[in-house]
Each structure stands twice: as C-alpha cells, then as structure tokens.
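Comments concern the structure below.
The values are calculated or read from the model by the stated rules, or taken from the named source; none is laboratory data. A quick note: this is a predicted structure, and the numbers were derived from the prediction, not measured. Here the Cβ is made from the backbone with ideal geometry for all residues, glycine too, and neighbour counts use every protein chain on show. Just the protein is used for accessible areas: all its heavy atoms, side chains included, with ligands, DNA and RNA removed. Shrake-Rupley method; radii C 1.70, N 1.55, O 1.52, S 1.80 Å.
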Amino acid sequence: MSETLPPRIVIVGAGPAGIRAAATLVEAGLHPVVIDEGQRAGGQIYRRPPAGFTRTAEQLYGSEAAKAGALHALFDRLAKPGRLTHCAANSVIAVQEGRLHVLGECGVQVILYDRLILATGASDRVAPVPGWQSAGVYSLGAAQIALKAQGVALGRRIVLMGSGPLLTLVGAQLVKAGADVAAVLDTSPWHQQMRGLWKLAARPLVALRGLALRARLGGRYHAGVTLERIEADGQGVTAMRWRDAGGRERRTPCDMIGMGWHLRAETHLADLVGCAFTYDEEWRQWLPKSDEMGRAGNGVYLAGDGVRLLGADGAEIAGRLAAAACLADLGHPEPSASADLRKLARLGRFARGLACAFPWPDEMVRALPDDAVVCRCENVSAKAVRESADFGGGEANRVKSLSRVGMGRCQGRYCQLAAVELVAAQAGCTPDAVGRFRGQAPVRPAPVGAFLRDG
C-alpha cells in the first residue's frame, strides 16, 4: 500500500508575511519551500545587511529593531534544522499549471507546488516628473536599501519628494546617518493630511512616531508643494524646481533625488496564476481579490502588501492567516482567527487614513507636459501615450501595444499607474474603465542563457 505524499507548499517571499506563513506551516509539521530574491530573509522592510556590517539594528530599523530581530531569529531557527527549504537569491519569473519557473545562479529551474502562498510585498509607487529619467534619480526604497545594506547615501546633496510615511522616514534616516538632505517635498497639503487624521487614530503610537520623524526634519520639510522640473546636465541631476504651498518658485541645487508616493502592490505573479482583480479607488491601483483569510482560489493564497497595503504588522498577521487557511483546506484543524481579523480591520482603517492623507498625485500626472517621459525603460513620452489613446481608444493594453509604454525591463511597475491616468484623462473616463496591463512572463528580466540546458 503506497503512502500519500505530503503536499508541496511553496511560499514566494521571505518578508514579514512569508516568514509568519512559513512558521505556521512548520509548527503544523509541514515542510514548505520558501523562495526569495534576497540573500537573507527579512524582506525590504527588514532587509538584513551583509556580514561584518558595523551599524546596529537600532540604527538600521529604528523603533522597529525589536520586531526585525525577532523575525530574523525566527526564520533562522526554522531554516537551520532543515524544517523548511530556503531558496535564497532566486526569483520566480513565471507560473504555469502548478509549476514555478525560478531564476537563480544556476539558470532557470522548475519547482512544482500543490499549494502556493504569494507574499510578494510591494515596491515604490512613483509618478513621473519632467526630468525624472536623468541620472541621479532614484526611488525612496532604493535610497533606503543603499543606506541599510551598504551604509551609504546615494548623493552628496539630496532632495526627497513624493508623499506618505516612507518620505519622512527615509529623510529622517538619512539625516540621522549624517547625509546632507536639502529638502523633503511633500505634494500633500496640510489640509489633506488632516482629512485622514481621524483614521490614523486607529494606531496612535505609529501616528505619533510619524510626527516625531517629521519634527526631526525641521525646516527641510515642505507640505503642499508643486513639483515643476528636475534639472540635469550631462553628468546627472543638478537641481529641483518646485513651488511651495504659497505658489512661490523655488530651486534647490542637488545631485540626487529620491521619489515615491507610498507603495504599489507587487501583483505580477498573482496575475499570472489567474487571480481576479478589483480596482481600489482610494489606493488608485488594481489589487488581487481574496477572502479575509487570503484564499484566492485554485490552491493560491495571498498575504501581505501584495494584496492589502497594511504595512509590516499587517503582513505578519496576513501571513499567519494565509497559512492557517492553507492548513484548513488540507484538513488540518483550523485555529481561531477572530483576534487576527480584528487586528487586520484596525490596521485597514489606519491604512485608509494614510491613503486619504497622502494621496496619489493624479492631477499632477494628468497635467504632465507632452515632452515629459512617462516610461523610462522605453523612453515613451506623455504625448505618445495621449496620441495612442486617441488612436486606439481608452484601453490600457491597446495603448501599451501602440506606444510601448510598460514594455520595458520593469514591465510597467513604475509607469503603468501614470499611463492609465493619462489615458483616462484623454478618453474622458475613470482609471478603472481603462483597465490594467496584462501580466507577462518573465516577470523579471532574465538572460536567454538562463533558459538553455547543457546537452
């Protein structure tokens, strides 16, 4: 009589959501496979520095140092005895019928799964500003990663711009590290920030920490600004032109600019695996659908910022819930989830407050001059996007095929939201009516040689 093979459970992502999901499965006696692009578990928010790095956890993670350390230690305890398989420095680039195509040092390998937990997290949400294609312009996340992983600032004189908690957090971290931060430019005016205040009261201590970070920036912080243009020469960025809340023209010399408007859910794999999507009006982006436990159908579970933008604390809870749902579907006893669901509801109220207080700058995007670059990968201008909308109609993928917007290395991660806003304005409709770019494999750039096998 043959034995029943244990289910093959794969977790994509080793940030807070992926780590908690893995721990829940291991505690139930299962052996999951965890695939992550990082060398060490922790995700972007709790990214671990290389060996020998001299900065302390408190310097790297601030008030989150204890949480980061606990998650790192938890994963290390799980991985050392071989209770899970950790595929570090590997990227899932395609999904097809229970198979993951994974790119690593040895090329592309196929990993089979019966159940799949996607904890893919989020990345910076950026909006095009005239001149943003110049050398020396980075996302806020890139600036933070350089500081955490290498202990360096990416410029000698820095301007940060955008909106949301990450803007002031990165600014305060750079200032604390001794970097020359010339200005922190927030496109959200004070009155808009006050509109989200009552929802932010769902997490009063977190809100107070945000205010403390802003206070640390002092006169560098400016709310309600209008971003005009990034100036550059043949070597890179030279200055940022902007208007303050009173409409006065300002010019700040700099050699590096960091930009970002909160987060954009990483949804490419959820798209390829067949998840349904819905447009979230508050976040102004398409998000995959799941039930409250993270079930998305067909043995797929979603957790963390890749499905709900709730931050690291919410990601931990969502990872635990997704794993519990997976266990229940496999016939294991289902633990009570009521307490975790109540916590998620509270975190959801706080997140909605953030979305209200620090909105996506749709009006700024729609007013882009024709010569502004929208897609940096393919050098597609706002004029080309508008003309494609006129010629092909207000549908995202028609505009993509005609203009090549979103066809570059990032596959629309940085230009899709802005392109959709431009198309909606040109077609006289809402962004949800324009739709979203279809997912395309490989979801990360992959060399042709990685697909070749010996013999």
- Can you confirm whether the stretch 20-33 contains a residue that is at pLDDT below 95, surrounded by 15 or more Cβ atoms within 10 Å (Cβ to Cβ) and part of a helix (DSSP H, G or I)? no
- Task: Output the residues belonging to the stretch 1-19 that are more than 20 Å from VAL443 (Cβ to Cβ) and either open to solvent by 20 Å² or more (accessible area, probe 1.4 Å) or of a type in the set (Gly, Ala, Ser) (or both).
- Result: MET1, SER2, GLU3, THR4, LEU5, PRO6, PRO7, ARG8
- In this structure, does VAL110 turn out to be closer than 30 Å to TYR301 by Cβ and outside any helix (DSSP H, G or I)? yes
- Verdict on ARG404 being within 24 Å of SER91 (Cβ to Cβ), modelled with pLDDT of 95 or more and open to solvent by 80 Å² or more (accessible area, probe 1.4 Å): yes
- Of those in the stretch 407-421 that are out of contact with any strand residue (DSSP E or B) (no Cβ under 7 Å at 6 or more places or on another chain) and either among the aromatic types (Phe, Trp, Tyr) or buried (at least 17 other Cβ atoms within 10 Å of the Cβ) (or both), the residue nearest to HIS262 (Cα to Cα) is TYR414
- Note on the structure: Taking the stretch 226-261 and keeping only residues that are under 22 Å from ALA153 (Cβ atoms), of a type in the set (Asp, Glu) and surrounded by fewer than 16 Cβ atoms within 10 Å (Cβ to Cβ), one is left with ASP233
- Note on the structure: Inside the stretch 433-452, the number of residues satisfying the requirement of being open to solvent by 70 Å² or more (accessible area, probe 1.4 Å), touching a residue at least 24 places away in the same chain (Cβ under 8 Å) and out of contact with any helix residue (DSSP H, G or I) (no Cβ under 7 Å at 6 or more places or on another chain) is 4
- Message: Can you say whether ASP76 is open to solvent by less than 60 Å² (accessible area, probe 1.4 Å), more than 18 Å from LEU147 (Cα to Cα), modelled with pLDDT under 95 and of a type in the set (D, E, K, R), as far as the supplied structure shows?
- Response: yes
- Item | Considering residues of the stretch 178-200 that are over 27 Å from PRO128 (Cα atoms) and more than 24 Å from the chain's Cα centre (by Cα) only, the residue least open to solvent (accessible area, probe 1.4 Å) | GLY178
- Note on the structure: Residue set VAL175, VAL170, VAL152, VAL159; condition among the hydrophobic types (A, V, I, L, M, F, W, C), open to solvent by less than 10 Å² (accessible area, probe 1.4 Å), out of contact with any Ser or Thr (no Cβ under 8 Å at 6 or more places or on another chain) and within 26 Å of GLY43 (Cα to Cα); output residue VAL170
- Some residue of the stretch 100-111 being open to solvent by 60 Å² or more (accessible area, probe 1.4 Å), touching a residue at least 60 places away in the same chain (Cβ under 8 Å) and over 25 Å from TRP261 (Cα atoms): no
- Within the stretch 398-438, restricting to residues that are assigned to a loop (DSSP other than H, G, I, E, B) and among the basic types (Lys, Arg), the one that is farthest from PRO128 (Cα to Cα) is ARG438
- Task: Pairs only if they're at least six apart or on different chains, beta carbon under 8 angstrom, first in the stretch 226-245 and at negative phi and at pLDDT below 95, second surrounded by fewer than 17 Cβ atoms within 10 Å (Cβ to Cβ) and hydrophobic (A, V, I, L, M, F, W, C); list them, first residue then second.
- Result: GLN235/ALA135
- Given the conditions (1) open to solvent by 40 Å² or more (accessible area, probe 1.4 Å); (2) free of Cβ contacts under 8 Å to residues at least 60 places away in the same chain, report the number of the one that ALA223 does not fulfil. (1)
- Message: Exactly one condition in (1) under 30 Å from CYS275 (Cα atoms); (2) touching a helix residue (DSSP H, G or I) at 6+ places or on another chain (Cβ under 6 Å); (3) outside any strand (DSSP E or B) is false for PRO49; which is it?
- Response: (1)
- Flag for VAL181 being of a type outside the set (Gly, Ala, Ser) and within 14 Å of THR252 (Cβ to Cβ): yes
- Could you figure out which of (1) at pLDDT below 95; (2) more than 21 Å from LEU174 (Cα to Cα); (3) open to solvent by less than 40 Å² (accessible area, probe 1.4 Å) isn't true of ARG40? (3)
- Message: Can you name every one of the helices (runs of 4 or more DSSP H) wholly within the stretch 273-390 that holds 1 or more residues which are in contact with a helix residue (DSSP H, G or I) (Cβ under 9 Å, 6 or more places away or on another chain), surrounded by 17 or more Cβ atoms within 10 Å (Cβ to Cβ) and without any contact (Cβ under 8 Å) to a residue 40 or more places away in the chain?
- Response: 311-329, 338-357
- For the stretch 125-140, indicate whether the set of residues that are over 30 Å from ASN298 (Cα atoms), open to solvent by less than 20 Å² (accessible area, probe 1.4 Å) and in a helix (DSSP H, G or I) is non-empty. yes
- Query: Restricting attention to the stretch 151-204, which residues are among the basic types (Lys, Arg) and at pLDDT 95 or above?
  - Reply: ARG156, ARG157
- Item | Number of the exception - GLU64 against (1) open to solvent by less than 60 Å² (accessible area, probe 1.4 Å); (2) part of a helix (DSSP H, G or I); (3) modelled with pLDDT of 95 or more | (3)
